[in-house]
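Enquirer: I have a structure I would like to understand better, so I am pasting it below and will then ask my questions one at a time.
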Amino acid sequence: MTTSDPIFDTEPAPAKRRRRRWPWVIVFVLVGILIAIAAVAGAYLLRLSASYDKAETLPTAEVFPTVRPAAVNPEAVNILLLGSDSRSGLDGELDSIRGQRADTMLLVHIPADRSDVQVISFMRDNWVEIPGKGEHKLNAALAFGGVPLLVQTIEGIIDVPIDHVAITDFEGFKGLTDALDGVSVDNAIAFQSEGFSYEKGVIDLRGDEALAYVRARYPFSDGDYQRVRNQQAFIKGVLDKMLSRETLTDPGRIAASVDAISPYLTVDAGLDAATVAQLGLSLREVGRTDIIFLTAPTLGTGMIGDQSVVLPDWEKLGALSEALKNDTVAEYAAAG
């Protein structure tokens, strides 16, 4: 594993509903931080909690499998977020997710000592063993058995339990960029997508332009790999804006940000406002540079029959699993 490897980025740093799209897991961490900060305002905290509680909640049986790995480090927290873009969508009631596929998956690992946060992207086309179904692309687990089977599949890869799951809707993301008055992103590659042009360097994104940016993959020679890198760059931009003095000293902007994203969140019943606030309070010393982004290691692409797939690097995934168990993911990433 080397930092020059294009598939391994170690730069620091949600009943009937509308479409749920694109993963947004770091927002949960941010919302927790913001609610904790707002606690000093008393009634204002109640407002933010009420906004967050607009998120739909799912019973445990609709989220988690019955067979789980043992928790080696129970004080650590692992949150999985999944979603899909507007072209394939997770439509209607939750039951309709069965038969769909997740375009992107992120695992947020929060160590027991709450000193930092790691955000791990899992490529949707990873060729893996899906329990009871044989070998398929990772995102096929959602089609075969809904959220519980996807959770079971990923837990089988990392051999640690996932504590919380969230599903998101891309429309909330658009509103969030507007609430933040735009997000600055350091764009690595100039490209065009969906009628928008993106220059290399720092660019300002919001609304539909931002949506097109994070879901683009066809303009790139390595497709989903660059899309993952762009999504990570965008999240870094959101972190910069949400953790800036400009935002943190503006109660109206904080409230608008939470209001914009919460109606589009679907979370497991355990990830309620009180839990998020408690988590946020425990992360009050974490800054942007304490949040590390990486991609679960692979060996590149290949063909399995007539399918183009991503080949997991099982040796390095084993090392990542040990790092998750031992709260040494930061060291794992730094080792390159």
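Values quoted throughout were computed directly from the atomic coordinates according to the rules given, and no laboratory measurement underlies them. What you are looking at is a predicted structure, and each value in this text was computed from that prediction instead of being measured. When we count neighbours, we look across all protein chains shown, and the Cβ atoms used for this are built from the backbone with ideal geometry, even at glycine.
Enquirer: How big, on average over all directions, is the shadow cast by the Cα convex hull of region 201-325, in nm²?
Expert: Values: hull surface 45.7 nm².
About 11.4 nm², averaged over all directions.
Enquirer: Still on this structure: So if R0 is 25 Å, what FRET efficiency would residue 335 and residue 290 give, r being the distance between their Cβ atoms, rounded to the nearest 0.05? Could you put the intermediate results ahead of the total?
Expert: Working: r = 18 Å, r/R0 = 0.71.
According to the calculation, E is roughly 0.90.
Enquirer: Simple spin-label model, 7 Å along Cα-to-Cβ: residue 115 to residue 315 in nm?
Expert: 2.9
Enquirer: Okay, next question. Let me know the shape class of region 117-228, please: from the alpha-carbon gyration tensor, a ≥ b ≥ c as square roots of the eigenvalues, rounded when a/c is under 1.5, otherwise prolate if a/b is greater than b/c, or oblate. Please list the in-between numbers first.
Expert: Numbers: a/c = 2.45, a/b = 1.83, b/c = 1.34.
Note, shape of region 117-228 comes out prolate.
Enquirer: For the peptides 281-294, 135-148, what is the packing order when you average, over each peptide's residues, the other Cβ atoms within 10 Å and list the highest mean first?
Expert: On the way: 281-294: 16.6, 135-148: 20.6.
Highest mean packing first, the order is 135-148, 281-294.
Enquirer: Moving to a separate point now. Amide H to amide H, which residues 5 or more places from residue 268 or on other chains are under 5 Å from it, using H placed in the peptide plane?
Expert: Placed amide hydrogens put 58, 165 under 5 Å from residue 268.
Enquirer: Among 296-306, 257-267, what's the highest-first ranking by average C-beta atoms within 10 angstrom per residue?
Expert: 257-267, 296-306
Enquirer: If you project the alpha carbons of region 187-230 onto the principal axes, what extent comes out on each, in Å, largest first?
Expert: Its Cα atoms span 24, 19, 16 Å along the three principal axes.
Enquirer: Determine which residues of region 197-235 fall in the zone a paramagnetic label at residue 186 would reach in this model, i.e. backbone nitrogen under 12 Å from the point 7 Å along Cα→Cβ.
Expert: The answer is 201-203, 233-234.
Enquirer: Still on this model: Please list 112-124, 212-224, 183-195 highest first by mean number of surrounding beta-carbon atoms within 10 Å per residue.
Expert: Values: 112-124: 20.5, 212-224: 16.6, 183-195: 15.0.
Highest to lowest by the protection proxy: 112-124, 212-224, 183-195.
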